[in-house]
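Readers should treat all values here as calculations from the given coordinates under stated rules, not as data from a laboratory. Quick caveat, the model's predicted, so the values are computed rather than measured. Methodologically, a virtual Cβ is constructed for each residue, glycine included, from the backbone with ideal geometry; neighbour enumeration extends over all protein chains shown.
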Amino acid sequence: MSFRAGGDQLGKCARKGSGQLLGYLEAELSDRGMSDFQVSSVGCLKLCDHGPIMIIYPEGLWYGAVESEEAIDEILDACEKNQPCEKYLLT
Ligand code: FES
């Protein structure tokens, strides 16, 4: 999930609730026992029209329109299967 540098909440991703979703993502990873995943936030990725953005490393999978808890669930479901989640894939 990305935010404007300096904590500015005016970015498009923040307006789409990326801050709240970050908390959900962390809780969901914990609930699923996915302890090998770490969450970090970044500044604006200049893909604002496609945000919120979620990137999975080391696979290098970029997901866009991660605007809901359901989207996060679908992406984490795919991660657990070691597969990309085609529905939200940007690359
Ligand atoms: S504010 Fe999210 S990509 Fe620009």
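Of note:
- Between helix 69-80 and the chain: long-axis angle, C-alpha atoms, 0 to 90°, nearest 10: 40
- Partners for Lys16 among lysines (Cα-Cα distance below 19 Å; same-chain residues under 8 apart left out): Lys46, Lys87
- Taking amide H positions as modeled 1.01 Å from N, with prolines and chain starts lacking one, the residues under 5 Å from Tyr63 and 5 or more places away or on another chain are Met54, Ile55, Ile56, Leu90.
- 18 Å reach of a label modelled at Arg15, 7 Å along Cα-to-Cβ, counting backbone N of region 44-58: 44-53
- Rounded to two decimals, the Cα-based Rg/Rh of region 44-87, with Kirkwood Rh, is 0.96.
- Whole-number D in µm²/s for the chain (Stokes-Einstein; Kirkwood sum over Cα pairs; 4 °C, 1.567 mPa s): 99
- Taking the C-alpha atoms only, the angle from helix 18-31 to the longest principal axis of the chain is near 20 degrees.
- Sorting the segments 81-88, 31-38 by their residues' average number of neighbouring beta-carbon atoms within 10 angstrom, most packed first, yields 81-88, 31-38.
- Selection from Gly17, Pro58, Ala78, by position along the positive dipole direction of the chain (Cβ): Gly17
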